[in-house]
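Below is one structure, written out as structure tokens, with a few remarks after it.
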Ligand code: MG
């Protein structure tokens, strides 16, 4: 990455911290971009753009990578547009402003990256697995959910948070029991899973 890009990436990281935008952890994004590189991934569907950080980082891996990314929060979507422009990646990253559960996509992708509303993971997996190339991967972020998934649920005071943690645990169970896909879990960043079709 050139110096100008490094500077711009740092600005996005700073903005995310300041406005409490959940972008990927450093070790997680390094893992993801390496994965994209090593598996020669060229087409990506991302569920949950936030402010465009992971899209931009993945696009910078290779000039032939194309990404479609979906975000339902208007403020984040507008910020993502600005950020993608700064890197002149408008021709390679296509943004969709909508709730991903309402978006229907025809094309197939080498990678589907799920990093959106955590309670929707199972729905997004089922919905967008039909957009996966035969040898493609579904990657999901925040499998550990800030380490909270290992905690005793009774120790967590917020009922909403308990519900969310339960849903992430259900997602892990769903992946483990899924006969169509093989999933490997990585204790990297905030916990990342990689699922591939059993051919
Ligand atoms: Mg995330």
**Prompt:** Being assigned to a helix (DSSP H, G or I), touching a helix residue (DSSP H, G or I) at 6+ places or on another chain (Cβ under 9 Å) and surrounded by fewer than 18 Cβ atoms within 10 Å (Cβ to Cβ), is that true of even one residue in the range 38-48?
**Reply:** no
**Message:** Step by step: first the residues of the range 118-138, then only those that are more than 17 Å from residue 170 (Cα to Cα), in contact (Cβ under 8 Å) with a residue 40 or more places away in the chain and part of a helix (DSSP H, G or I), then the one that is nearest to the ligand (Cβ to nearest atom). Which residue is that?
**Reply:** 128
**Residue in the range 82-94 that is surrounded by the most Cβ atoms within 10 Å (Cβ to Cβ), counting only those that are touching a strand residue (DSSP E or B) at 6+ places or on another chain (Cβ under 6 Å) and more than 14 Å from residue 8 (Cα to Cα)** = 93
**Asked** Is it the case that the range 83-90 has a residue that's in contact (Cβ under 8 Å) with a residue 60 or more places away in the chain, part of a loop (DSSP other than H, G, I, E, B) and under 14 Å from the mean Cα position of the chain (by Cα)?
**Response** no
**Request:** Can you tell me which residue among 62, 141, 115, 73 is modelled with pLDDT of 95 or more, within 16 Å of the ligand (Cβ to nearest atom) and surrounded by fewer than 20 Cβ atoms within 10 Å (Cβ to Cβ)?
**Result:** 73
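Residue-by-condition table, conditions (1) outside any loop (DSSP other than H, G, I, E, B); (2) more than 19 Å from residue 22 (Cα to Cα); (3) within 16 Å of the ligand (Cβ to nearest atom):
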| position | (1), (2), (3) |
| --- | --- |
| 160 | yes, no, no |
| 166 | yes, yes, no |
| 172 | yes, yes, yes |
| 176 | yes, yes, no |
| 179 | no, yes, no |
| 183 | yes, yes, no |
| 189 | no, no, yes |
| 199 | no, yes, no |
**Prompt:** Condition test on residue 78, is it within 18 Å of residue 19 (Cβ to Cβ), more than 16 Å from the ligand (Cβ to nearest atom) and either modelled with pLDDT of 95 or more or buried (at least 18 other Cβ atoms within 10 Å of the Cβ) (or both)?
**Reply:** yes
**Asked** Hey, among 18, 13, which residue is away from the ligand (no atom under 16 Å from the Cβ) and at pLDDT 95 or above?
**Response** 18
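The values are calculated or read from the model by the stated rules, or taken from the named source; none is laboratory data. Just so we're clear, the structure is a prediction, and the values are computed from it rather than from any experiment. Here Cβ is always computed from backbone atoms with ideal geometry, including for glycine, and neighbour counts include all displayed protein chains.
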